[in-house]
1. Take A:Thr264 and decide whether it is within 14 Å of another protein chain (Cβ to nearest Cβ), of a type in the set (Ser, Thr, Tyr) and in contact (Cβ under 8 Å) with a residue 40 or more places away in the chain.
2. Restricting to the stretch B:419-445, count the residues that are within 14 Å of chain A (Cβ to nearest Cβ), open to solvent by less than 30 Å² (accessible area, probe 1.4 Å) and in contact (Cβ under 8 Å) with a residue 40 or more places away in the chain.
3. Only one of B:Pro234, B:Pro203 is over 26 Å from B:Cys353 (Cα atoms), modelled with pLDDT of 85 or more and in contact with a Ser or Thr (Cβ under 7 Å, 6 or more places away or on another chain). Can you tell me which?
4. Does the stretch A:267-285 hold any residues that are more than 7 Å from chain B (Cβ to nearest Cβ) and assigned to a loop (DSSP other than H, G, I, E, B), and which are they?
5. Just the residues that are hydroxyl-bearing (Ser, Thr, Tyr) and free of Cβ contacts under 8 Å to residues at least 60 places away in the same chain, please, taken from the stretch B:361-418.
6. Scan the strands (runs of 3 or more DSSP E) fully inside the stretch A:455-559 and keep the ones with 1 or more residues being open to solvent by 80 Å² or more (accessible area, probe 1.4 Å) and on the phi < 0 side of the Ramachandran plot.
7. Quick check on my filter: what residues within the stretch A:175-199 are modelled with pLDDT of 95 or more and among the small types (Gly, Ala, Ser)?
8. Only residues that are of a type in the set (S, T, N, Q), open to solvent by less than 40 Å² (accessible area, probe 1.4 Å) and in a helix (DSSP H, G or I): list them for the stretch B:310-343, please.
Amino acid sequence: FFQYCLSGHPTLPCNVLKFKSTTIMLDCGLDMTSTLNFLPLPLVQSPRLSKLPGWVLKDGSTFLDKELKECSGHVFVDSVPEFCLPETELLDLSTVDVILISNYHCMMALPYITEYTGFTGTVYATEPTVQIGRLLMEELVNSIERVPKAQSASMWKNKEVQRLLPAPLKDAVEVSMWRKCYTMPEVNAALSKIQLVGYSQKIELFGAVQVTPLSSGYALGSSNWIIQSHYEKVSYVSGSSLLTTHPQPMDQASLKNSDVLILTGLTQIPTANPDGMVGEFCSNLAMTVRNGGNVLVPCYPSGVIYDLLECLYQYIDSAGLSNVPFYFISPVANSSLEFSQIFAEWLCHNKQTKVYLPEPPFPHAELIQTNKLKHYPSIHGDFSNDFKQPCVVFTGHPSLRFGDVVHFMELWGKSSLNTVIFTEPDFSYLDALAPYQPLAMKCVYCPIDTRLNFIQVSKLLKEVQPLHVVVPEQYTQPPPTQSHRTDLMIDCQPPAMSYRRAEVLTLPYKRRYEKIEIMPDLADSLVPLEIKPGISLATVSAVLHTKDNKHVLQLPPKPPQAPASKKRKRVSDDVPECKSLKPLLSGSIPVDQFVQTLEKHGFSDVKVEDTAKGHIVLLQEAETLIQLEEDSTHIICDNDEPLRVKLRDLVLKFLQKF
Amino acid sequence: QQEKLLGRLFGQEGPRGGAAWEDALVRSAWLKGVHSMLQHQPALHLLCSTGSMDVIFTLQGDPSLFVASAASQLLVHMLTFSLEPETCKALSTKDCDWPVCAQMIVKHIQESLQSGSASRIEQSLKLLSSLFGSCFGSCYAAWTEVLWLDIAKQIESFLLQETVQAQPVLASLLLNVARSPVFCGTEGSFWALVTSALEHLTPVQACPLAVGLLKLCKCPQDVRIQALTVLLQPMDCILRAASQPLECAGLLDESVSDPVTVQSLLSSKTSCAGLLCQTLAHLEKLLSLKNLRVDLPCVSLLRSLMTILQICSGSLSPASPLGSTISRNLINCFRVQKSALDVLATLSEKKDCHTLLGSVFDVLLAYLQSPNTNPTVLKKTFQATSKWLVYLQELSSSNSQWQQTEKILEDVFVVLQKRLCSPCWEVRDSSLEFLTAMVKCLKDQKEFRQCLLSSEVLRLTENLLEDPESYVRASAVTAVGHLALVTCFAPESPVVGNQYNKEVSIVAKLQEILSTDSEGFPRRAVISIFTKWLREGCTGQLEDTEQFVSKVIQTVECDLDWEVRLGGLELVEVFCSQTICQLAQCPYAPVSSAVTSSTPQKELLQVFCRAKLFGFLFGSLCDCDKPVGQRACDVLVGLRGHFYPTSTLENPQEIEDTPAGRGIAWLQRTLRQGSLAQNFTMDGGVEVDFQDPESMMLALGAIDLLELHDELNKSSDHVEESPQSLLQDILAAVGTIEDNEVDCY
């Protein structure tokens, strides 16, 4: 078993598993933190951004001043933002048979894989994953394409040039692999290769392997995967949550008895408890609005936003915020809000029961009805007519590099009354804010990450007890900023194996068994012999037939009748010749009794030596040695065949034959 | 005849062999009966001669815990009672001269201790423990010492045997012996035994013993130091584990402490939090004692506490292997956080902690600011903060460190504002309680008032009067009530144009809550705030106090919540005493006589009548909730004492001649029926005018309020406990015929 690790980001994984004869890609996350090195794409011409000075090298050279701009001591690439793709060189991706997707955040690199590598396989994902994943991709493509940028910077990527740049550009890895965003036709083509699956559905791959998605409790339709053959089981746990939020709870029981458990997508903020963060979010929101300021919440169009809206639904009346408008701006805002209400079977029990009342499972429906929550595809159009301040705006993208959020940052950044509250944990908020500095607006960081924390992981591992655990290397040591927190790392026995980007891991598991079917007529011919109570054995002589990873034992062809005439023996190509069978032996030889028997038969000088594996019985006079081991017995005597046969027969007395 | 009866009850023919004995109630009642009988010396003889002693010994191990405990108590009583007459004359040092009964018990105890049976040993140890725990007078000294000398060797051997599982009882026995008057001296083998116990018991078992010893005044100094070592060892261990090798030392002198056991307990996930919580709880109790015989090292304790709190929140992770294990055990442990904050709060009253003041507030503010702080931990943090703020204020007024104070207060107000907006109601509630606590203690401090008035807190608090959660509304009412003392009622409060309107609107708002809020808690809060205002003399400034009280009474008297009605009576009481003080020329001069009612008395009655006070008071006498009736009666007794300082009751017959008198007589009759009369139903056109001063004067004079008072103060089961009730039970059981009745009588 091999695992090819194509991504270094623990929450945006991309691994390829060679399991038996199949090649399975587990997730294809897209690392978007690369975009933080780029200037934001403003929807409306921004005088501030367009006037930024070009970056000049220490020696005064100005050849990069068109590509790189300086803002408050940071240098940014002035170009269309680019993303860091998973490794494509580690193995030939056209050989990938299937891709398993665990949640909509972990499929953003899909078009790059399916459309650029010669991939011909199938992608498996649940319906909400596909639908919401489509929305995320659509929003991404839309926000980048609607601000066309003529310029594309590439000079800075030259290794010699990059060396001269200031951090973090200098340290950016794999810049040659960074790619521009895909297009909508590519998205559609990629999504058309997906086959929808439901939880606990068993999917056979080439007869060799069965894969099954399980609920992971993290997002609508999010799944963990079981990959198993008859005797091996690998569990892939990616982005799971044990908290009670909107999705169906995590299925832990099915992960038991795994030989290998690959664990990715743990919480990115292990020190922040989501409840406390929601409290922090609400308090800061209320304080800002009460003081007449506006609140900006950069977010994805699906996921935590549903829980935040539900929380606000309960909170706004008690906090006296009933008259404050909430705006949700995204090209896919409407679809996201509506999709969430129709995927009832993928929701937690509470929300499912609401559907039968019938009531919408999420209370944001009521917020919309009562006009407290309004949603718009963009800031253009209706929004500009309805816009009232103070207000709360939810909009993307959380990186603050593209999307409508860029406009609000420019609009509200100058006033200290306003607050931007970061709830998505994917981006460093200080890096995200860098191109907007100096900034008067207040910034609050309350990352809400409901994925497993290390305490939950340790409980989970105790519960499901996998033989081996494989994790990204980041999880095997405390976070770099909190090196003293030894509680913030995986602690299990045996210690977890770790992997990093571009590494090939041999999974610590050997195949020992294979399932073989026996044809009925062959089974009929077997005569089991009970060798001890409850255990019977039979010898089988058969032909092993292997096709499509399935193995069948069939009756051997009858041995050809002994030819009456001395005709030439017919040579058969496909049927091996059957030899007459020797009986098989079983049992063990008790040394003391064996020695007594030897003495009875006239061997007087018997000496026994203990060895690591058993015993050696020495017949000194006859210069003969009998080596008794657990699985073998050797009689070593020189040129005395009668003695050997005599000894052999004595040995055989102690063994059973069948 | 008496002996015969007693023999049938407590002797062999008694219930103890019969089927009824199976019922634990019967066994319990039997023991209770024996206990009552043991006020008479002959009873001892009876018990010893009829084999009852063995029964009592057996009952010590009864499956019913109540019975077992009663048997043990009974034996203790027997022993002390049988030796009582002997105590005056010097008892011989040999127990063979003791009364038979005492000898039997002592023999039983000794046999049990030597029996090797864990349950019998434990029973005897418990018996001894409660025996020594109950013998405080010096007259017990002689024989308890004899008893102790008999068993001391055995006890010592238990300490050294690990097989005996009676360690917790052993600790409590030693403590009780230490407290008993015998061991006043600091010499002797007893203290050596105690020292050995402190060494041999596990820290968890030794801790209660150590705490008890520290409270003793006669404890020898070396034992006290040993006890202190046991108690402080976990704290010392934490401090050492968290500090760099060359940094500050621990709490204890290394030579006296042997930390291996404590270290291993702290290293284990299961025992770490338990041990720390126990230690912290004991420390909190010790620290809050006024006259502690031993100086606790407060500064080092404070350091250790802050270390624990920082470890729990994950902001400190010691480098040493032990420290790192402890920190893994303690991170996010709410139990330890809460206990540590309790101790931190009590330490604020110790004067020598000022050197660490800055660090204490750093830790407290970090807890207040962290979104990860659990709501219950946050509440404790608020409580500790308010205590330390008081200390800070005292300190800054003496050494003018106002800059530090101001900075800390600013930080506190910023976080308070945020917490008041929390979506979690527990957090809003404890924030309001914290605000109230601050206002109570710091309202006279200039810096505090400045911070308060310049913050958003006032506005946020008023908003919370409409919170959906009733507890929060109640706390908001209390907070607003206290804030009003700083803002609108304070004479030196900042003069704002619409000051008067502000007062009016707050009062109107609270009155609205009192009359309309659907939950009891906010209404209770309002009535107690009104009482507080009245007591502090604030209401006079807003409107006529009389009208105010009258309005409140009318709202409160029909409230469904008895605590609100009770609060109303408290308000009335304060109003009465204040009005009396104001109107009587000299508040302490008794009024000469009721007949020569002077003008102030009349005026007083008129005020009370106008305020509709009497209707409420007399109505409350018949309240279905007893505390209300009792309180109303107390108030009326007080009023009567004022208006009739000397006179006896008016003759009811005489007063019935007047029309008003008839009404009063009717009232008297109704009230005499007891609080059973749920409401006043006027029959036959008889009317009591509760607003007529003369009628009320008459009522106060004629109604036997003291009798009513006694009636109301009887416990609710007085009927069931009375012999009459027993009689009725017997009659109900055997059937009522005349002969039976006579017999029973």
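1. Against the criterion (within 14 Å of another protein chain (Cβ to nearest Cβ), of a type in the set (Ser, Thr, Tyr) and in contact (Cβ under 8 Å) with a residue 40 or more places away in the chain), A:Thr264 does not qualify.
2. Residues flagged as within 14 Å of chain A (Cβ to nearest Cβ), open to solvent by less than 30 Å² (accessible area, probe 1.4 Å) and in contact (Cβ under 8 Å) with a residue 40 or more places away in the chain within the stretch B:419-445 amount to 8.
3. Of the residues listed, the single one that is over 26 Å from B:Cys353 (Cα atoms), modelled with pLDDT of 85 or more and in contact with a Ser or Thr (Cβ under 7 Å, 6 or more places away or on another chain) is B:Pro203.
4. Selection gives A:Thr267, A:Gln268, A:Ile269, A:Pro270.
5. Answer for the stretch B:361-418, where residues must be hydroxyl-bearing (Ser, Thr, Tyr) and free of Cβ contacts under 8 Å to residues at least 60 places away in the same chain: B:Tyr367, B:Ser370, B:Thr376, B:Thr381, B:Thr385, B:Ser386, B:Tyr391, B:Ser396, B:Ser397, B:Ser398, B:Ser400, B:Thr405.
6. Of the strands (runs of 3 or more DSSP E) lying wholly inside the stretch A:455-559, those with at least 1 residues that are open to solvent by 80 Å² or more (accessible area, probe 1.4 Å) and on the phi < 0 side of the Ramachandran plot span A:503-506, A:516-518, A:529-532, A:543-547, A:550-554.
7. Residues satisfying the conditions are A:Ala189, A:Ala190, A:Ser192, A:Gly198.
8. Within the stretch B:310-343, B:Ser324, B:Ser327, B:Asn329, B:Gln337, B:Ser339 meet the criteria.
The values are calculated or read from the model by the stated rules, or taken from the named source; none is laboratory data. Here the structure is a predicted model, which means the values were calculated and not measured. Reconstructed Cβ throughout: ideal geometry from the backbone, glycine too, with neighbour counts over all protein chains shown. Surface accessibility is based on the protein's heavy atoms, side chains included, excluding ligands, DNA and RNA. Shrake-Rupley method; radii C 1.70, N 1.55, O 1.52, S 1.80 Å.
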